[in-house]
Amino acid sequence: MKRGELAKRTGCNIETVRYYERVGLLPNPPRTEKGHRIYDDGHKQTLRFIMRSRELGFTIEEVRGLLSLVDGEKYTCGEVRDKTVLHLNAVRERIADLKKLEVTLATTVAACEGGSATNCPIVDALIREV
């Protein structure tokens with residue numbers, strides 16, 4: 001299948017397919033005599049793996065690490081789990097940071113009555129040194 005068909009079958013944008021090739025996540029496919037790239041089911045499976053990993057918040061480098069394990073088929077479930085646990089911990093840290101951010105923003109918004117007042121507690125909070 002050609003790149004456009006691969007993109008269509010996986011629900012991926014064609015430019016994203018190009019990007020994943022350029023950064024080395026998606027292996028370069030063989031070409032026909034006329035120079036057309038021909039992707040196979042392995043490319044489709046790898047692209048789905050990349051896309052799902054990205055949906056789950058893995059960085060490009062984390063995906064690269066997972067693929068390096070999976071592509072060689074020399075991985076253990078424990079190795080994949082260890083990489084995923086590291087990512088899960090990072091996600092939990094971001095969630096905790098976002099919860100703190102939510103409280104700060106909610107408190108700041110609650111202090112503001114809105115309207116036409118020229119003194120705004122939100123602006124004051126943004127200017128204030130922390």
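Readers should treat all values here as calculations from the given coordinates under stated rules, not as data from a laboratory. Computed from a predicted model, the values in this text were never measured in an experiment. In this analysis, Cβ positions are derived from the backbone assuming ideal geometry, glycine residues included, and neighbour counts consider all displayed protein chains.
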Taking the Cα-to-Cβ direction at SER68 and at ASN13 and moving 7 Å from each Cα, how far apart do the two end points lie in nm? 2.8 nm
Given springs between every Cα pair under 10 Å in a Gaussian network model of the chain, which of THR46, THR59, THR108 has the largest fluctuation? THR108
Treat the count of other C-beta atoms within 10 Å as a stand-in for reagent exposure and order LEU86, LEU47 from fewest to most. LEU86, LEU47
Quick calc of log₁₀ I(q)/I(0), segment 14-130, Debye, one scatterer on every Cα, no solvent, q values 0.10, 0.16, 0.17, 0.22 1/Å, result -0.55, -0.83, -0.89, -1.22
Can you give me the Cα centroid spacing of segment 17-43 and segment 58-88 in angstrom? 22 Å
If you build a Gaussian network model of the chain, linking Cα atoms that sit under 10 Å apart, which residue out of GLY65, GLY114, GLY57 swings the most? GLY114
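Rounded, prolate or oblate: which fits segment 77-130, taking a ≥ b ≥ c as square roots of the Cα gyration tensor eigenvalues, rounded meaning a/c under 1.5, else prolate when a/b beats b/c?
Prolate.
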What's the tally of Lys pairs in the chain whose alpha-carbon atoms lie under 25 angstrom apart, where the two lysines are 8 or more places apart or on different chains? 9
